[in-house]
Amino acid sequence: MAVPLKSSRCSGGRKMKDVMDWTRDRFHSYAFFASLLVEEPTLEKWLTIQKLSSSLSGELLEDKNGIRIPEEAQATMERLRQDYYDCFFVPMSGKYVPPYESALRCFKQKPKPSFGKINTSLTAQIKQQYELTGFDPYRLELFSPLKNIPLADHVGFELAYMAYLCQQEHEARKEAREGNAERWLEIQKEFMAEHLLMWIPSLAEALRTLENGFYSQAIKTLEIWLHEDDQDVKNYFSRGGICVEC
């Protein structure tokens, strides 16, 4: 699933095709980042994160044939799969970071990494919001163990929820229901401010401390992208439109 690497903004009147393309690209971006957390890693996802990270940091990871693929790709994938389990499913691994907003809101790095409780009133609040807007995370393609974890504030579920909201906005624009589209975008703006931006930086910090590998890189890339997307959405409402280069 492609992630847009470049976008441009303008302060003039918005063009419907530009806004629809922007919304579509945002859907794909959120869906991609969600897939990193609710599915096992793949070489394609590894390559996409390397490209995104390179673009955001300015580092040159490419040769004339594009992003370099590790010579021992199979070994790399086995290591990434083990990291996925260790980071998000195995509390005794030494790399474990509970991927839940309720836990990360209370993350403390010192004197040693510690997390808050999971399955709190915040979890119930998010579950209620999903239900009110028609989102069911268990309809997603999920890594099997996640199907048995009924916690709505999982990072992958929250990112998939943003993808769902973008999809609803896009459908409303296709049907010329501008009022509905604006409301879907308002919900995205609120969810970003009240949830994702409140704890994704802590998730990035925790992974940097405990794992400092692929998932640390991926979530740091997500954090940077989220701040850019948040600014884009604010620009949409404050300037009256956004132009997207496709």
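The values are calculated or read from the model by the stated rules, or taken from the named source; none is laboratory data. Bear in mind that the values here come from a model prediction, so they are computed numbers and not experimental data. Cβ atoms come from the backbone with ideal geometry, glycine included; neighbour counts cover every protein chain shown. These area figures cover heavy atoms from the full protein model, side chains too; ligands, DNA and RNA do not enter into them. Shrake-Rupley method; radii C 1.70, N 1.55, O 1.52, S 1.80 Å.
Starting from region 193-217, keep only residues that are touching a residue at least 12 places away in the same chain (Cβ under 8 Å), then list their pairs with residues that are of a type in the set (Gly, Ala, Ser) and crowded, with 19+ Cβ neighbours inside 10 Å whose Cβ atoms are within a distance under 7 Å, requiring at least 6 positions of separation or different chains.
From residues that are touching a residue at least 12 places away in the same chain (Cβ under 8 Å), the pairs are Leu207/Ser216; Arg208/Ser216.
If you check every pair at least six apart or on different chains, which have Cβ atoms under 9 Å apart with a residue in region 38-55 that is open to solvent by 40 Å² or more (accessible area, probe 1.4 Å) first and a residue that is of a type in the set (Asp, Glu) second?
Glu39/Glu141; Lys51/Glu62
For region 199-225, give me each residue that is outside any helix (DSSP H, G or I) and buried (at least 20 other Cβ atoms within 10 Å of the Cβ).
The answer is Glu211, and nothing else.
Just a yes or no: is a residue in region 92-107 in a helix (DSSP H, G or I) and over 21 Å from the mean Cα position of the chain (by Cα)? It would help to see each step written out before you state the result.
Of the residues in region 92-107, the ones in a helix (DSSP H, G or I) are 92-93, 101-104.
Still in the running and over 21 Å from the mean Cα position of the chain (by Cα): 92-93.
For region 92-107, residues in a helix (DSSP H, G or I) and over 21 Å from the mean Cα position of the chain (by Cα): present.
Residues checked against (1) surrounded by fewer than 17 Cβ atoms within 10 Å (Cβ to Cβ); (2) closer than 26 Å to Phe27 by Cβ:
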{"residue": "Pro91", "(1), (2)": "yes, no"}
{"residue": "Glu101", "(1), (2)": "no, yes"}
{"residue": "Phe107", "(1), (2)": "no, no"}
{"residue": "Asn119", "(1), (2)": "yes, no"}
{"residue": "Asp153", "(1), (2)": "no, yes"}
{"residue": "Glu182", "(1), (2)": "yes, yes"}
{"residue": "Glu190", "(1), (2)": "yes, yes"}
{"residue": "Leu197", "(1), (2)": "yes, yes"}
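Since Met77 meets every condition but one in (1) at pLDDT below 95; (2) out of contact with any Ser or Thr (no Cβ under 6 Å at 6 or more places or on another chain); (3) open to solvent by 90 Å² or more (accessible area, probe 1.4 Å), which condition does it not meet?
It fails just one condition, (3).
Out of all the residues in region 125-146, which are assigned to a helix (DSSP H, G or I) and open to solvent by 60 Å² or more (accessible area, probe 1.4 Å)? Outline the logic, then answer.
Of region 125-146, the ones assigned to a helix (DSSP H, G or I) are 125-133, 137-139, 144-146.
Within region 125-146, Gln125, Lys127, Gln128, Glu131, Leu132, Tyr138, Arg139, Ser144 meet the criteria.
Count, please, the residues in region 108-124 that happen to be assigned to a helix (DSSP H, G or I) and either within 19 Å of Leu37 (Cβ to Cβ) or within 19 Å of the chain's Cα centre (by Cα) (or both).
Matching residues across region 108-124 total 2.
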